[in-house]
Amino acid sequence: MATTPQPAAFGSTPWGKDWIRRVEPIAVTRPNPMLPRARSLVRNDAVAVDPSKIGEFRCVVSTGKKVETAVISLPRYGAGERKSVLRILARHTRGAVASGDLPDEVHAELVASALSPVPNVTETSCTCSRRIDPCLHVTAATYAVSLIVDQMPTSALAVRGVDLSATTVSTDFPRRWMPIESVDAAAFYG
């Protein structure tokens, strides 16, 4: 018996839940009819996110014949804040964040230290002409970003300006282990 794949769960980690709370606040007075359509756009791969620029997520949202660009801008961490974030990362990850995954304890400590990966104030813009704030495209972009940071929490810190390359090299290996990068593939496989 074949099973159909389950749709992506938005906000399945604390990293993604922060983003979901931007469009689904706890204190709502009435349902937002735009949310199901925005989730559907993300599930149908109609949202392409470019997280490569520090300080913003640029998303291209395709709604049938129209293509709109939604931008979510975030403030960068200050120099002192970046150092604090790196200290927290070093304490919890032992210096290895190359996989992109981070434990939920890191998120909890960042929030407790007032260094939340999702700041209270973000700016959004969209190329559409809708007067609703946030529009369907920004809402869909927010859902798409939540999936990205659920899968790779380091992206939530990288977009805020934290250079994670300093924490990706770990020399803290047990004696019997060796870094995989030091193995010559041709010699190993013959």
- Förster radius 41 Å - calculated FRET efficiency between ALA114 and THR69, Cβ distance, rounded to 0.05: 0.80
- Reach of LYS66 by Cα under 25 Å, taken over lysines that are not fewer than 8 positions away in the same chain: LYS53
- Query: Net charge near SER129, counting Lys/Arg +1 and Asp/Glu -1 over other residues with Cβ under 12 Å of its Cβ?
  - Reply: +2
- Straight distance only, please: which aspartates and glutamates reach the Cα of LYS17 with their own Cα at less than 12 Å, same-chain residues fewer than 8 apart left out? ASP104, ASP150
- Task: Evaluate the distance, in nm, between pseudo-label points positioned 7 Å from the Cα of SER62 and of ALA9 along their respective Cα→Cβ axes.
- Result: 2.9
- Message: Need one number: nm distance between label points at ASP101 and ASP163, each 7 Å from Cα along Cα→Cβ, rounded to one decimal.
- Response: 2.8
- Once label points are set 7 Å from the Cα along Cα→Cβ at both ILE26 and VAL121, what is their separation, rounded to one decimal in nm? 2.3
- Full extension from GLN151 to SER182: what is 0.36 nm times the residue separation minus their Cα-Cα distance, to one decimal in nm? 8.4 nm
- Query: Between ALA79 and ASP45, what FRET efficiency follows from the Cβ-Cβ distance if R0 is 41 Å, with the result rounded to 0.05?
  - Reply: 0.60
- Query: When you count, for each residue, the other Cβ atoms within 10 Å and take the mean per peptide, how do 114-124, 153-163, 53-63 rank with the highest first?
  - Reply: 153-163, 53-63, 114-124
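Bear in mind that the values in this text are calculations on the coordinates, not laboratory data. Keep in mind that this is a model prediction, so the values were computed, not measured. Ideal geometry is used to build each Cβ from the backbone, glycine not excepted, and the neighbour counts take in all protein chains shown.
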